[in-house]
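The values are calculated or read from the model by the stated rules, or taken from the named source; none is laboratory data. As the structure is a computational prediction, the values presented were derived from the model and not from experiment. In this analysis, Cβ positions are derived from the backbone assuming ideal geometry, glycine residues included, and neighbour counts consider all displayed protein chains.
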Amino acid sequence: MSNIIEISDFSLPNLDVFARLTETQLRNRLEPEMGIFIAESTKVIGLALDAGCEPISLLMERKYIAGQAHGIISRCGDIPVYTADRNLLAELTGFQLTRGVLCAMRRPHLPSVEEVCAGASRVAVLERIADSTNMGAIFRSAAALGIDAVLLTPSCCDPLCRRGVRVSMGTIFQVPWARIGSEPSQWPQQGMKILRKLGFKTVA
């Protein structure tokens, strides 16, 4: 059963994930298993749920409760659904919710390189992709081209930041991905050894 909460106090700590925490704070480097990401739009949230991501809370315009977000609310069980009109939400978040719905979700377990490459024939390795918009667009292209997996070198940005997730249109939850190395010193020498051991050849 949904738990609809009309926003009357901007200072509620439970609204911090939508309004006051930075991407770094959401990511929680010290305790990755406690990290959070924000999914935007019913389509992207639906794909995240399909991938097994755990929802924590929803923020949406009032009109979406019985409209576009009704199915998402039903799938999310009894988590808090914070709501207000469009202008009030823009004042809270600092931007217009062009897609009307945000969902705070637990970060999924990140698989190993070996796990995402198992059975893969075409793998894209990304180097120094520091812009989240570019990251999201690359995942969208990878999905369209039928790439089996994406590997991120240590110099790449976080694919699960809000803009990256939005631009990917949810493909970040459809294309398997992993990080190949956690420190800059582990790429390219150590990372390339892993890829060769797994039977891959570089083509570009």
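Only a single item in (1) more than 22 Å from GLN174 (Cα to Cα); (2) surrounded by fewer than 14 Cβ atoms within 10 Å (Cβ to Cβ) is not met by GLU115, and it is number (1). The combined condition, being touching a Ser or Thr at 6+ places or on another chain (Cβ under 8 Å), of a type in the set (Val, Ile, Thr), buried (at least 17 other Cβ atoms within 10 Å of the Cβ) and closer than 23 Å to GLY164 by Cα, is fulfilled by VAL101.
ASP9 passes every criterion in (1) free of Cβ contacts under 8 Å to residues at least 24 places away in the same chain; (2) part of a helix (DSSP H, G or I) apart from (2). For the stretch 96-110, the set of residues classified as touching a Pro at 6+ places or on another chain (Cβ under 8 Å), of a type outside the set (D, E, K, R) and either modelled with pLDDT of 95 or more or within 19 Å of ILE45 (Cβ to Cβ) (or both) consists of CYS103, ALA104, MET105, listed by residue number. Exactly one residue out of LEU49, LEU89 is outside the structural domain of PRO159 (by TED's automatic domain parsing) and surrounded by 20 or more Cβ atoms within 10 Å (Cβ to Cβ): that is LEU89. Listed by position, the helices (runs of 4 or more DSSP H) contained in the stretch 30-136 that have at least 2 residues being under 18 Å from PRO176 (Cα atoms) are 42-50, 113-117.
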